[in-house]
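Engineer: Let me begin by handing over the structure; questions about it come next.
The values are calculated or read from the model by the stated rules, or taken from the named source; none is laboratory data. Note that the structure is a prediction, hence the values are computed from the model and not measured. Cβ placement follows ideal geometry from the backbone for every residue including glycine, while neighbour counts extend to all protein chains displayed. Side chains are part of the model used for accessible areas, which takes the heavy atoms of the whole protein and leaves out ligands, DNA and RNA. Shrake-Rupley method; radii C 1.70, N 1.55, O 1.52, S 1.80 Å.
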Amino acid sequence: MFFIFISLTLIVTYWAAGRTSNLKTFYAAGGNITGLQNGLAISGDFMSAASFLGISGLVFSAGFDGLIYSIGFLVGWPIVLLLIAEPLRNLGKYTFADCVSFRLKQKPIRILSSCGALTTIIFYLIAQMVGAGKLIEMLFHIPYSLAVIIVGSMMVLYVTFGGMIATTWVQIIKAVLLLLGASIIAFLVLLNFHFDLTAFFNQAIQLHPKKIAIMGPGGLITDPISAISLGLALLFGTAGLPHILMRFFTVKNAKDARKSVIYATSFMAYFYILTFIIGFGAIIFLTNNPTYMTEDGKLIGDINMAAVHLSHAVGGSMLLGFISAVAFATILAVVSGLTLAGASAISHDLFPLFVSKKTLDEKKEMRVSKIASLILGLLAILLGILFQNQNVAFMVGLAFAIAASTNFPVLLLSIYWKNLTSRGAIIGGGLGLITAILLVIFSSTVWVDMLHFPEPFFPYKYPALFSMTVTFFMTYIFSITDSSSQAENERKKFQDQKIQSLIGI
């Protein structure tokens, strides 16, 4: 099953390569993706290793509190639907920097947007590479480092040759398979209890070391500051994820962009219900089971592998093969989308500003994008190896924090706030990005777990509450105090009737 899927995706990539002849097809699939197709692709992009492997693993280890990620991932979508999707589709072309720089100074704003996008993408890539490496290591009994190298090589292949068309169809195929696979696992788990949820949860409570505590909050987040900070990151980070925002350029018009969000939200809501059942099912079928536990009582492959082990426990080798192939497909689809978004930020937003004095022709920009894909692939492999022991859902939480701190505030204010100026956006967004990165470095995740210092400088794991505050406050202060002629022109430009109609005011 594993190699059947690999073959299928390579066929899709070969087919897409013949249809990827210009920038619009490479970045935006020619704008010919329907609302339903894009909704499936977005859900495929969003139902990542963090969702399938990470959240089910967190529910397995912490119980009810593991759902904080799935709920947070989901509730951000109404914001995308109501505030972002339509204006982004109308104002942008290939990247969200097109939209942000529409009425502001092109060069500094594109640099800021690209830095925010690339930082978010790198943290997101780490999570996917860790999940992929663990999965391949467990399945084929090969070294973790080699497994990460294999995944990185394949993602570069998809993006370089197939562009957005290949990435979209790999995501659609993967979304359908993942929804099917998760449904089968949940069905088989509940079948053992004759679909009696009371008996199901009582059994999980009896087997889990924390007993009844797994049905209440506090297992993962122990203080209100961390809870608020993580909640803000997940709520607003969705509207700042570059690879998600890029998907709105693949549809024909704003109406299809809105449809995409509605379809995607429906698919994901159903999926996250399934991860809850899978996580508690893993408690029941894996706890104290020597087949899936090491001698010291830990899950083989760490908690990220809870869903994969559960598939074998309830469905045998056949379901294990199917779910493993789907999990691998999940990771490949997401890393392909991330790599494409990162490559577009480099080739479309950064490269013309620093290297090329003239406007890039399409062939040269595509060539730069493919080289950027290769560089990002190598970086993803290196970071995937370095962050081997991190929970993938937690790493995605950090990516969301950075997206919520830089990308979302600047994008939102550029669309809706008439007093936003280039100076305010650059200083506010830049300080928010720097704050988010520094707080991540000084938190226990990097400062203690990776650099092995005894105590973290920053006592909380999630920086969004602090870094978002910095971004919004500094953007406001430096915008309203900007009395330059450039600022006045930018405020007048916002009043332009054409812009008003494009953003839907």
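Engineer: Being touching a Leu at 6+ places or on another chain (Cβ under 9 Å), open to solvent by 10 Å² or more (accessible area, probe 1.4 Å) and on the phi < 0 side of the Ramachandran plot: is that true of Phe102 here? Steps first, please.
Structural biologist: Numbers: touching a Leu at 6+ places or on another chain (Cβ under 9 Å): yes; open to solvent by 10 Å² or more (accessible area, probe 1.4 Å): yes; on the phi < 0 side of the Ramachandran plot: yes.
When the stated conditions are applied, Phe102 passes them.
Engineer: Another question, if that's okay. Determine whether Ile42 is touching a residue at least 60 places away in the same chain (Cβ under 8 Å) and either open to solvent by less than 10 Å² (accessible area, probe 1.4 Å) or in contact with a helix residue (DSSP H, G or I) (Cβ under 6 Å, 6 or more places away or on another chain) (or both). Steps first, answer last, please.
Structural biologist: On the way: touching a residue at least 60 places away in the same chain (Cβ under 8 Å): yes; either open to solvent by less than 10 Å² (accessible area, probe 1.4 Å) or in contact with a helix residue (DSSP H, G or I) (Cβ under 6 Å, 6 or more places away or on another chain) (or both): yes.
When the stated conditions are applied, Ile42 passes them.
Engineer: Then there is this: Contact list please: Cβ distance under 8 Å, first residue in the range 346-367 and at pLDDT below 70, second residue aromatic (Phe, Trp, Tyr), pairs at least six apart or on different chains.
Structural biologist: That search, which allows pairs on different chains as well, returns Leu360/Phe351.
Engineer: Can you tell me which residues in the range 276-293 are at pLDDT below 80 and more than 31 Å from the chain's Cα centre (by Cα)?
Structural biologist: Taking the range 276-293 as the starting set, the residues that turn out to be at pLDDT below 80 are 288-290, 292-293.
Correct list: Asn288, Asn289, Pro290.
Engineer: If you don't mind, another one. Search the range 16-38 for residues being assigned to a loop (DSSP other than H, G, I, E, B) and of a type in the set (Ser, Thr, Tyr), and hand back the single one that is most open to solvent (accessible area, probe 1.4 Å).
Structural biologist: Pass one, the range 16-38, residues assigned to a loop (DSSP other than H, G, I, E, B): 18-22, 32, 34.
Keeping just the survivors that are of a type in the set (Ser, Thr, Tyr) gives 20-21, 34.
Working: Thr20: 20, Ser21: 92, Thr34: 64 Å².
Only one residue fits best here, namely Ser21.
Engineer: Next question. I want to confirm something. Restricting to the range 1-39 and keeping residues that are closer than 18 Å to Leu338 by Cβ and not β-branched (Val, Ile, Thr), which single residue is modelled with the highest pLDDT?
Structural biologist: The residue in question is Asn38.
Engineer: Still on this structure, please answer the following. Could you grab me the full set of residues in the range 122-142 that are under 17 Å from Leu383 (Cβ atoms), open to solvent by 10 Å² or more (accessible area, probe 1.4 Å) and of a type outside the set (Val, Ile, Thr)?
Structural biologist: Result: Phe123, Lys134, Glu137.
Engineer: Same structure, new question: When you look at Gly44, is it within 24 Å of Ala127 (Cα to Cα), in a helix (DSSP H, G or I), in contact with an Asp or Glu (Cβ under 8 Å, 6 or more places away or on another chain) and modelled with pLDDT of 75 or more, yes or no?
Structural biologist: Details: within 24 Å of Ala127 (Cα to Cα): yes; in a helix (DSSP H, G or I): yes; in contact with an Asp or Glu (Cβ under 8 Å, 6 or more places away or on another chain): no; modelled with pLDDT of 75 or more: yes.
The answer is no for Gly44.
Engineer: Being open to solvent by 10 Å² or more (accessible area, probe 1.4 Å), free of Cβ contacts under 8 Å to residues at least 12 places away in the same chain and closer than 21 Å to Gly35 by Cβ narrows it down to one residue among Leu82, Leu74; which is it? If you could, list the steps in order and put the result at the bottom.
Structural biologist: Working: Leu74 fails: free of Cβ contacts under 8 Å to residues at least 12 places away in the same chain.
Step by step, each of Leu82, Leu74 is checked, and only Leu82 is open to solvent by 10 Å² or more (accessible area, probe 1.4 Å), free of Cβ contacts under 8 Å to residues at least 12 places away in the same chain and closer than 21 Å to Gly35 by Cβ.
Engineer: Criterion first (touching a residue at least 40 places away in the same chain (Cβ under 8 Å), of a type outside the set (Asp, Glu), within 25 Å of Leu180 (Cα to Cα) and open to solvent by 10 Å² or more (accessible area, probe 1.4 Å)) does Ala282 satisfy it?
Structural biologist: On the way: touching a residue at least 40 places away in the same chain (Cβ under 8 Å): yes; of a type outside the set (Asp, Glu): yes; within 25 Å of Leu180 (Cα to Cα): yes; open to solvent by 10 Å² or more (accessible area, probe 1.4 Å): no.
So Ala282 does not fit the description; no.
Engineer: Hey, among Phe193, Phe123, Phe140, Phe161, which residue is within 30 Å of Gln37 (Cα to Cα) and more than 20 Å from the chain's Cα centre (by Cα)? It would help to see each step written out before you state the result.
Structural biologist: On the way: Phe193 fails: within 30 Å of Gln37 (Cα to Cα); Phe123 fails: more than 20 Å from the chain's Cα centre (by Cα); Phe140 fails: within 30 Å of Gln37 (Cα to Cα).
Being within 30 Å of Gln37 (Cα to Cα) and more than 20 Å from the chain's Cα centre (by Cα) holds for just one of Phe193, Phe123, Phe140, Phe161, which is Phe161.
Engineer: Something else: Determine, yes or no, whether Ser61 is within 30 Å of Leu310 (Cα to Cα), polar (S, T, N, Q) and under 17 Å from the mean Cα position of the chain (by Cα). Let's see the steps before the verdict.
Structural biologist: On the way: within 30 Å of Leu310 (Cα to Cα): yes; polar (S, T, N, Q): yes; under 17 Å from the mean Cα position of the chain (by Cα): no.
Judged against the criteria, Ser61 is not a match.
Engineer: Does Ile212 meet the test of being without any contact (Cβ under 8 Å) to a residue 24 or more places away in the chain and either open to solvent by 50 Å² or more (accessible area, probe 1.4 Å) or at positive phi (or both)?
Structural biologist: Working: without any contact (Cβ under 8 Å) to a residue 24 or more places away in the chain: yes; either open to solvent by 50 Å² or more (accessible area, probe 1.4 Å) or at positive phi (or both): yes.
Spelling it out, Ile212 is indeed without any contact (Cβ under 8 Å) to a residue 24 or more places away in the chain and either open to solvent by 50 Å² or more (accessible area, probe 1.4 Å) or at positive phi (or both).
Engineer: What are the pairs, 6+ residues apart or on separate chains, where a residue within the range 457-477 that is farther than 11 Å from Ala401 by Cβ and touching a residue at least 12 places away in the same chain (Cβ under 8 Å) has its Cβ under 6 Å from a residue that is part of a helix (DSSP H, G or I) and open to solvent by 20 Å² or more (accessible area, probe 1.4 Å)?
Structural biologist: Going by the 6 Å Cβ cut-off, the qualifying pairs are Phe457/Phe442; Phe458/Leu439; Phe458/Phe442; Val470/Leu431; Val470/Thr435; Met474/Ile427; Met474/Leu431.
Engineer: Looking at the range 221-276, which of the residues that are closer than 26 Å to Leu179 by Cβ and not in a helix (DSSP H, G or I) is most open to solvent (accessible area, probe 1.4 Å)?
Structural biologist: Lys252
Engineer: Could you tell me whether Leu91 is open to solvent by 10 Å² or more (accessible area, probe 1.4 Å) and not hydroxyl-bearing (Ser, Thr, Tyr)? It would help to see each step written out before you state the result.
Structural biologist: Working: open to solvent by 10 Å² or more (accessible area, probe 1.4 Å): yes; not hydroxyl-bearing (Ser, Thr, Tyr): yes.
So Leu91 passes the test.
Engineer: Next question, about the same structure. Can you name the condition, by its number, that Pro242 falls short on among (1) over 20 Å from Ile55 (Cα atoms); (2) over 15 Å from the mean Cα position of the chain (by Cα); (3) not hydrophobic (A, V, I, L, M, F, W, C)?
Structural biologist: (2)
Engineer: Counting only residues that are at pLDDT 85 or above and among the polar types (S, T, N, Q), how many does the range 373-405 have?
Structural biologist: Looking only at that region, the number is 1.
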